[in-house]
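The values are calculated or read from the model by the stated rules, or taken from the named source; none is laboratory data. Please read all numbers here as calculations on a predicted model, not as lab measurements. Reconstructed Cβ throughout: ideal geometry from the backbone, glycine too, with neighbour counts over all protein chains shown. We work out accessible area using only protein heavy atoms, side chains counted, and drop any ligands, DNA or RNA first. Shrake-Rupley method; radii C 1.70, N 1.55, O 1.52, S 1.80 Å.
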Amino acid sequence: MLEQLLIFTRGGLILWTCKELGNALKGSPIDTLIRSCLLEERSGDASYNYDAPGVAYTLKWTFHNDLGLIFVAVYQRILNLLYVDDLLSMVKREFSQIYDPKRTAYNDFDDIFRQLRKEAEARTEEMKKSKQAAKPVSNLSRKQGQAAAQKAGSEGGVKQKNGASGKDGGDGDYKKGRKSENGYSNGIGIEESHAAGVVKNKENGSSENGAFDVNKLQKLRSKVGKKSDTVSKVPKAEPKKKGPKKNRVWDESPQESKLDFTDPADERGDENIAVIADQGESMMDKEEIVSSESEAEDDEEIEKDNKGNAKKKGWFSSMFQSIAGKANLEKSDLEPALKALKDRLMTKNVAEEIAEKLCESVAASLEGKKQASFTRISSTVQTAMEEALVRILTPRRSIDILRDVHVAKEQGKPYVVVFVGVNGVGKSTNLAKVAYWLLQHKISVMMAACDTFRSGAVEQLRTHARRLQIPIFEKGYEKDPAIVAKEAIQEAARNGSDVVLVDTAGRMQDNEPLMRALSKLINLNNPDLVLFVGEALVGNDAVDQLSKFNQKLADLSTSPTTRLIDGILLTKFDTIDDKVGAALSMVYISGAPVMFVGCGQSYTDLKKLNVKSIVKTLLK
Amino acid sequence: MEEMKQWTNELQQWIHQALHWIHQIPSVQIYVSIGVLFLTTVFLLLACLFRRTKYNTIVLAGLSGSGKTVLFHRFQDGSLPQGTNTSLDPNEGNFVLYSESTEKGKIKHVHLVDVPGHSHLRLYEYLPQTAGLIFVVDALEFLPNCHAAAEYLYDILTKTSVVKRNIPVLILCNKTDKVTAHTKEFIRKQLEKAIDRLRASRNAISAADISNEFTLGIVGEAFAFSQCHNKVTIAEASGLTGDIVQAEQFIREHIRP
């Protein structure tokens with residue numbers, strides 16, 4: 001049963017809602033859909049899942065780009081309605097015939113909708129019946145493989161309700177949405193159920209899943225038991241109770257008395273401090289001059305490329321079309337232009353799936369639109385893509401750290417920033433750069449050395465602190481970073497530092513115990529800003545890194561408010577010439593804005609992201 | 001010298017030939033062609049001179065959820081929409097204000113633009129033609145959004161085109177029909193305080209490279225809207241009940257027929 005079906009314009013005016021389905025929607029699924037999906041250029045997705053306390057909806061939508069209308073259907077996620085897509089396209093067709101831009105009330109559409117819904121439901125009933133006839137035969141063989149009769153019962157129940165449920169959601173989903181039938185459904189999984197043939201296979205697959213319910217539970221119990229064992233065995237964050245390590249003896253050579261080669265300069269104190277404070281103005285405060293002259297050149301180049309690619313005949317027809325202004329843009333027309341655009345994006349180091357999703361989203365927003373005369377399809381696609389890119393890269397909220405620091409100062413507590421990321425991306429270096437920049441704005445900074453694992457990490461920060469003349473809180477190596485951070489924040493509150501910059505150890509996104517330790521650090525200290533440090537050289541791995549980091553932070557969080565990555569610090573930007581795609585991949589997959597860009601290895605090499613120039617470079 | 005003479009001779013010959021040719025054409029044709037040329041130039045000049053002033057746009061801006069789309073429809077045809085969602089695209093319309101449509105005489109059309117709350121950049125596209133800007137503030141949910149609203153307003157007030165052309169800004173407190181809505185005085189004070197704080201943090205930079213191109217107010221003193229070069233006023237309205245009189249006055253004031 002549908003919860004609601006809405007028709008509204010792109011300007012926000014609701015034209016029609018179904019009055020029969022009178023249930024008010026809990027929460028605000030439509031607004032959330034618009035904000036986090038349609039405006040984020042994910043409109044190429046098949047559906048959107050909305051979760052709020054007490055409800056779980058799935059939303060599907062379709063656009064009528066020519067008239068500027070959006071059709072959205074909302075239904076409960078546990079019901080797997082197959083007729084929604086059909087219904088939406090039928091509704092679109094019927095409504096566009098009676099649509100008039102001046103009218104705002106369409107009460108006569110109620111009857112038409114009732115008819116359409118009956119039709120759609122009838123059609124799916126037929127499809128279901130034809131499927132069910134074929135089912136019992138194939139499943140007899142499956143049943144022989146199963147153990148208890150209990151499972152057969154649940155299987156039957158499962159088959160009745162879920163036409164074709166999605167694949168396993170994994171441990172996380174299992175814990176969250178456990179219902180007697182398979183409560184998990186990926187949006188993607190639902191989509192694959194359309195073709196009848198595919199449905200049959202999925203049904204068999206789902207029946208297997210249903211049967212494994214009980215088995216899975218047992219496996220999970222044992223897994224959880226095992227996991228807690230492994231965690232306790234991880235020695236990295238635990239203090240050693242065995243006492244000081246004895247030096248290893250390789251051969252009979254006399255043992256060296258002292259293996260500590262740290263520079264005795266530390267003890268000398270003031271004498272060795274090179275006064276660095278003035279390496280000049282940090283590039284954050286310098287305005288970038290974007291040259292607009294190169295735009296004309298770029299356009300010419302693009303045109304030449306396009307002309308070269310298209311065949312002679314194709315060129316002629318596109319010229320003709322551009323003068324005449326073809327009626328409506330079809331997907332087949334958009335495809336070549338989109339494919340070229342996608343390839344161009346990928347040569348600029350944008351992750352493959354991001355480029356794919358973006359192109360789908362742009363296609364969804366252009367399909368069916370009337371092409372203005374004297375424009376070529378490629379230029380329409382180009383402008384749409386440019387708008388989309390600017391929309392994605394522009395930060396949704398303010399990224400003015402200075403303002404947030406002032407706010408925290410007024411409240412009397414230090415502003416805590418945690419730098420996280422994989423190994424070797426430049427966390428410690430960029431931490432020093434950020435400290436330098438903050439110092440230039442007369443903000444007192446304190447560093448916290450919570451990288452207690454890597455050799456030399458604490459000394460590295462100590463050197464930076466000495467050069468910048470700021471306090472550093474350190475506890476040496478092999479300590480629990482979460483505790484060190486907590487004590488650092490208390491110390492900062494005591495001595496009145498405005499900002500605490502916490503350095504953590506680099507960790508791979510797949511490393512479970514390390515991610516758990518990071519999650520513990522964040523939960524325990526509740527920082528104001530979780531900054532993900534990523535290098536601009538990364539390719540497709542950016543998607544994996546960010547999504548896994550976010551996922552682990554969400555899964556392993558203990559407090560009701562899950563802290564995710566709040567911002568991105570893009571490093572090594574000077575090493576890539578124009579392959580700036582990593583910025584786009586990271587922002588798209590995480591939704592977090594790029595707050596800083598590291599473009600060199602000295603203190604002043606920190607700047608803001610220039611959205612216009614990045615978009616220009618990406619589309620060149 | 002020889003060459004020069006040759007050229008002058010040739011030139012003279014050409015002129016002779018041209019004059020001869022012109023004399024041959026019947027005079028009617030010449031007069032007609034000259035007449036046509038003259039008329040077209042006069043027409044173009046007239047069109048340039050009498051072109052309507054470009055400044056006939058009123059922009060409705062504000063955060064998401066402040067009620068701009070509802071107000072837009074109220075202005076347009078006095079109707080209350082059965083519901084609105086977050087706008088994806090701007091709502092534009094060139095019309096006579098609904099309340100004025102019954103008045104007689106020549107009423108100037110108003111080009112009203114409702115810019116979605118999430119895209120601050122779109123607003124600046126309309127600035128060259130803007131005669132006035134209405135900044136809509138949600139008086140009901142004001143305090144949680146105070147910072148964001150102040151920042152948006154700060155960006156607008158420090159944009160060079162706004163300052164140079166003295167574009168008047170009306171801060172419209174919407175949703176005042178509700179009991180718990182704040183008063184306009186309270187909102188004004190809160191906004192002034194927040195903008196003062198923004199001014200203090202030197203790098204008050206908002207989304208995507210828009211730099212504050214102008215310092216607001218008087219340095220050293222607490223910020224007040226009266227210190228702005230362009231006129232900033234504050235008024236109340238309610239889109240739901242249709243109480244939009246003060247806003248309409250503002251529009252009428254600044255779109256001169």
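Quick notes on this structure:
- Candidate set: region B:56-84, residues that are assigned to a loop (DSSP other than H, G, I, E, B) and more than 24 Å from A:Leu38 (Cα to Cα); chosen: the one nearest to the other protein chains (Cβ to nearest Cβ): B:Ser79
- Only one of the numbered conditions (1) within 14 Å of chain B (Cβ to nearest Cβ); (2) part of a loop (DSSP other than H, G, I, E, B) is not met by A:Ala583, and that is (2).
- Of the criteria (1) open to solvent by less than 10 Å² (accessible area, probe 1.4 Å); (2) touching a residue at least 40 places away in the same chain (Cβ under 8 Å); (3) under 28 Å from A:Gln371 (Cβ atoms), which one A:Ala46 fails: (1)
- Looking only at residues of region A:391-405 that are more than 22 Å from the chain's Cα centre (by Cα) and among the charged types (D, E, K, R), we find that the one that is nearest to the other protein chains (Cβ to nearest Cβ) is A:Arg403.
- Filter result for A:Val445 (away from every other protein chain (no Cβ under 13 Å), in contact (Cβ under 8 Å) with a residue 12 or more places away in the chain, crowded, with 21+ Cβ neighbours inside 10 Å and under 22 Å from the mean Cα position of the chain (by Cα)): no
- Among the conditions (1) away from chain A (no Cβ under 13 Å); (2) part of a helix (DSSP H, G or I), B:Asp155 misses just one, which is (1).
- In region A:552-567, of all residues being under 13 Å from the mean Cα position of the chain (by Cα) and touching a residue at least 40 places away in the same chain (Cβ under 8 Å), the one that is most open to solvent (accessible area, probe 1.4 Å) corresponds to A:Lys552.
- Complete set of residues in region A:62-104 that are open to solvent by 50 Å² or more (accessible area, probe 1.4 Å) and either within 24 Å of B:Arg74 (Cα to Cα) or assigned to a strand (DSSP E or B) (or both): A:Leu67, A:Gln76, A:Asp100, A:Pro101, A:Lys102, A:Arg103, A:Thr104
- Within the option set A:Ala46, A:Ala56, A:Ala24, being within 13 Å of chain B (Cβ to nearest Cβ) and small (Gly, Ala, Ser) holds for one residue only, A:Ala24.
- Residues (part of a helix (DSSP H, G or I), surrounded by fewer than 19 Cβ atoms within 10 Å (Cβ to Cβ) and within 13 Å of chain B (Cβ to nearest Cβ)) located in region A:357-390: A:Glu386, A:Glu387, A:Val390
- Subset of region A:569-616 [small (Gly, Ala, Ser), under 13 Å from A:Pro395 (Cα atoms) and surrounded by fewer than 24 Cβ atoms within 10 Å (Cβ to Cβ)]: A:Ser590, A:Gly591, A:Ala592
- Checking B:Glu100 against (1) within 11 Å of chain A (Cβ to nearest Cβ); (2) open to solvent by less than 20 Å² (accessible area, probe 1.4 Å); (3) modelled with pLDDT under 80, the condition it does not meet: (1)
- Test for A:Val484: is it β-branched (Val, Ile, Thr) and in contact (Cβ under 8 Å) with a residue 40 or more places away in the chain: no
- Options B:Ser161, B:Ser87; residue that is buried (at least 20 other Cβ atoms within 10 Å of the Cβ), of a type in the set (Ser, Thr, Tyr) and either more than 13 Å from every other protein chain (Cβ to nearest Cβ) or not in a strand (DSSP E or B) (or both): B:Ser87
- Evaluation of B:Trp21 against the conditions (1) modelled with pLDDT under 85; (2) more than 13 Å from chain A (Cβ to nearest Cβ); (3) open to solvent by less than 100 Å² (accessible area, probe 1.4 Å) shows that the sole unmet condition is (3).
- Members of region A:406-422 found to be within 14 Å of another protein chain (Cβ to nearest Cβ) and either over 26 Å from the mean Cα position of the chain (by Cα) or farther than 23 Å from A:Ala449 by Cα (or both), listed by number: A:His406, A:Val407, A:Ala408, A:Lys409, A:Glu410, A:Gln411
- Residues in region B:130-158 that are polar (S, T, N, Q) and surrounded by 22 or more Cβ atoms within 10 Å (Cβ to Cβ): B:Thr130, B:Thr158.
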